[in-house]
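The values are calculated or read from the model by the stated rules, or taken from the named source; none is laboratory data. It should be emphasised that the depicted structure is a prediction, and the values quoted were computed from it without experimental measurement. Note: ideal-geometry Cβ built from the backbone for every residue, glycine included; neighbour counts use all protein chains shown. Please note that ligands, DNA and RNA were not included when accessible areas were found on the heavy atoms of the full protein model with its side chains. Shrake-Rupley method; radii C 1.70, N 1.55, O 1.52, S 1.80 Å.
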Amino acid sequence: MIKRDGHLTSLWQDTKQPYTTQPFAERDEWDVIVVGGGITGISTALRLQEAGKRCLIIEAENLCFGTTGGTTAHINTLLDTPYTTIAQNFGDDNARLVANAAKEAVENIKTNIRTYNINCGFSEADAYLFAQDNSQEKELEQILAATKAAGISAAFIDNIPVPISFTKAIRVKGQAKFQPLDYVMGLAEAYEKLGGAILQHCRVTGVENNELVEVETTQGIFKARDLIYATHIPPGVNLVHLRCLPYRSYAMAVLLSDRKYPEDLSYDMYDPYHYYRTQVVDGQPYLIAGGKDHRTGDAENTEQYLLQLEATIRKHFAVAEIKYKWSSQYYESSDGLPYIGSLPGQAEHIYVATGFGGNGITYSHVAAAILEKLILNDGSPYIPLFDPNRLKPVAGFKNFMKHNLTVVKDLVSGLFPADKLESLSGIAHGEGRIVDYEDDKVAIYKDEAGNIHALHSLCTHLKCEVQWNGAERSWDCPCHGARYDIDGNVLNGPADKGLEKR
Ligand SMILES: Cc1cc2nc3c(=O)[nH]c(=O)nc-3n(C[C@H](O)[C@H](O)[C@H](O)COP(=O)(O)OP(=O)(O)OC[C@H]3O[C@@H](n4cnc5c(N)ncnc54)[C@H](O)[C@@H]3O)c2cc1C
């Protein structure tokens, strides 16, 4: 089993062994350092290594520790931001460009699997989007028109692969699915065979953009001409943090007693929507269902979301056993497209890929293509479209700004006697809570043995107050999505420092 950024175990992490890296010769200077060993970091580094660059991947924990280890791995050109919204925000020509970028990304995944002979349970599939009332039907008609106008093959259809009642549905061709960790680790092997280097359990703690980019890490300083943050959200404080909102999404891998596993990909049209597909892992088919998304740090009781998802699945399917349940994090951009390119505020040589929403499997490969072009100094029509420095004053952006002004003052200092905290908190074993103590607030978790883990409650990124996530046993920041384990260690950026112990 590999480690992931949460307490719950995903189907993928449980069925995979940690990746063992190959030794590599140290260099005074690398061409490119890629920070982050998820699908974005590995697919981008492979592409650059193929293009002749000497790359080093630096991963704070283990490969696929982040959201890649908690994804559901639908490979889509039918994106979560509908082509209606993309066309409204960016125009019809750009909607076609986005669709092309997504199609090329899916082709790139297929080429990688073929070229490197990666055994990852890949199969092509259709996607079904179905409406269940009048207003959803209207929206579906608009989505169909915009999807076709963007150049994606789609049409109304009479049947859907899941046993859920619907009024209208469309089928979209050219989608796919796979076992994401088999794929990413297959890419990592190919990358190392091409001479690429990987350093696991090494956290990047600072970056100086001088003549070369100097990267400070927990294992010393590394230098490179170019640096890519493939960390899902970049660490530190940056404009992209004001333009990305963190969300949690929940997923389950389920055994069905009637063995009627739906082969294709299905989506309802609720907000948030539910998603369904099947993957065979080690000879066993699993229905993988997900949904119940909410803003990170917004839910008082995250376990309740798992219960709601389970109820939805049981309503529609003959459940024999819920084998795995987990949640994970994604980042929504303010205008519906990811931010891929130069990190705002940095003149050159520092790049980022973030804001993928629920389509990071596809967008990671869009990122790989764009970042390769930028670093090789080649042109691409995708570069301005996905540029992180774009500012789109679209509906909803005001709320993003308001949200980001909610920065709280750090009031805490000094140490708390554990017995005092104990009496103050009155919390159950396995529970976490923010507790008032005189003028301070303390993040307290009582473990199963009754030990108290007390932390400063303010996120080290921009001092928002963290919230308890009972399902994943983590402290989650509602402002920009930083997450910490019960001892304050960073699970997700943008924080690069842990919560201090009290
Ligand atoms: C429940 C759920 C289901 C999803 N399902 C789908 C789907 O079906 N299809 C789809 O396309 N997308 C889906 N997504 C989104 C998709 O999974 C993600 O966008 C994608 O996995 C992100 O990959 P990444 O490599 O960019 O980030 P990650 O996988 O999060 O990797 C980032 C890595 O960077 C490392 N890191 C962070 N900071 C540092 C540092 N300072 N130093 C060194 N390393 C660092 C982390 O440890 C981590 O391993 C889903 C998301 C969720 C939450």
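Might you let me know whether the range 151-165 holds any residue that is within 16 Å of the ligand (Cβ to nearest atom) and out of contact with any Asp or Glu (no Cβ under 6 Å at 6 or more places or on another chain)? Scanning the range 151-165 turns up at least one residue that is within 16 Å of the ligand (Cβ to nearest atom) and out of contact with any Asp or Glu (no Cβ under 6 Å at 6 or more places or on another chain).
If you go through the range 112-139 and keep only what is part of a helix (DSSP H, G or I), open to solvent by 60 Å² or more (accessible area, probe 1.4 Å) and charged (D, E, K, R), you end up with R114, K138, E139.
When the range 325-360 is examined, which residues are found to be outside any strand (DSSP E or B) and closer than 11 Å to Y229 by Cβ?
L343, Q346
If you go through the range 292-304 and pick out every residue that is within 17 Å of G432 (Cα to Cα) and not in a loop (DSSP other than H, G, I, E, B), you end up with 3. Residue count for the range 239-257 under the criterion of being among the polar types (S, T, N, Q) and within 30 Å of E300 (Cβ to Cβ): the result is 1.
Here's the yes/no breakdown for (1) open to solvent by less than 10 Å² (accessible area, probe 1.4 Å); (2) near the ligand (Cβ under 7 Å from one of its atoms):
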position: A318; (1), (2): no, no
position: E321; (1), (2): no, no
position: S327; (1), (2): yes, yes
position: S334; (1), (2): no, no
position: P338; (1), (2): yes, no
position: G345; (1), (2): no, no
position: T354; (1), (2): yes, no
position: G358; (1), (2): no, yes
position: T362; (1), (2): yes, yes
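In this structure, does G174 turn out to be in contact with a Ser or Thr (Cβ under 6 Å, 6 or more places away or on another chain) and not aliphatic (A, V, I, L, M)? Against the criterion (in contact with a Ser or Thr (Cβ under 6 Å, 6 or more places away or on another chain) and not aliphatic (A, V, I, L, M)), G174 qualifies.
Please enumerate the residues belonging to the range 198-224 that are over 20 Å from V490 (Cα atoms) and at pLDDT below 95. Even if it seems obvious, please write down each step before you answer.
Start the filter on the range 198-224 by keeping residues that are over 20 Å from V490 (Cα atoms), which leaves 198, 208-214, 221-224.
Scanning the range 198-224 gives E208, N209, N210, E211.
Among residues of the range 161-178 that are over 21 Å from D133 (Cβ atoms), those with a Cβ under 6 angstrom from a residue that is of a type in the set (D, E, K, R) and surrounded by fewer than 19 Cβ atoms within 10 Å (Cβ to Cβ), sequence gap 6+ or separate chain, pair up as A176/E124. Determine whether T147 is more than 14 Å from the ligand (Cβ to nearest atom), in the same structural domain as D264 (by TED's automatic domain parsing), more than 30 Å from T15 (Cα to Cα) and of a type in the set (V, I, T). It is true that T147 is more than 14 Å from the ligand (Cβ to nearest atom), in the same structural domain as D264 (by TED's automatic domain parsing), more than 30 Å from T15 (Cα to Cα) and of a type in the set (V, I, T).
Just the residues that are small (G, A, S), surrounded by fewer than 22 Cβ atoms within 10 Å (Cβ to Cβ) and outside any helix (DSSP H, G or I), please, taken from the range 176-198.
Initially, the range 176-198 is screened for residues small (G, A, S), giving 176, 186, 188, 190, 195-197.
Okay, now just the ones that are also surrounded by fewer than 22 Cβ atoms within 10 Å (Cβ to Cβ), so 186, 190, 195.
Correct list: G195 only.
Taken together, the residues in the range 35-58 that are within 11 Å of the ligand (Cβ to nearest atom) and within 17 Å of E107 (Cβ to Cβ) amount to 3.
All conditions in (1) closer than 24 Å to Q13 by Cα; (2) open to solvent by 50 Å² or more (accessible area, probe 1.4 Å) hold for D298, with the sole exception of (1). Taking the conditions (1) more than 9 Å from the ligand (Cβ to nearest atom); (2) over 30 Å from D271 (Cβ atoms) in turn, N62 satisfies each one other than (1). A single entry from A95, A102 fulfils the requirement of being in contact with a helix residue (DSSP H, G or I) (Cβ under 9 Å, 6 or more places away or on another chain) and within 12 Å of the ligand (Cβ to nearest atom): A102.
Return only the number of the condition from (1) in a loop (DSSP other than H, G, I, E, B); (2) at pLDDT 95 or above; (3) open to solvent by 70 Å² or more (accessible area, probe 1.4 Å) that K173 does not satisfy. Status for K173: all satisfied but (1).
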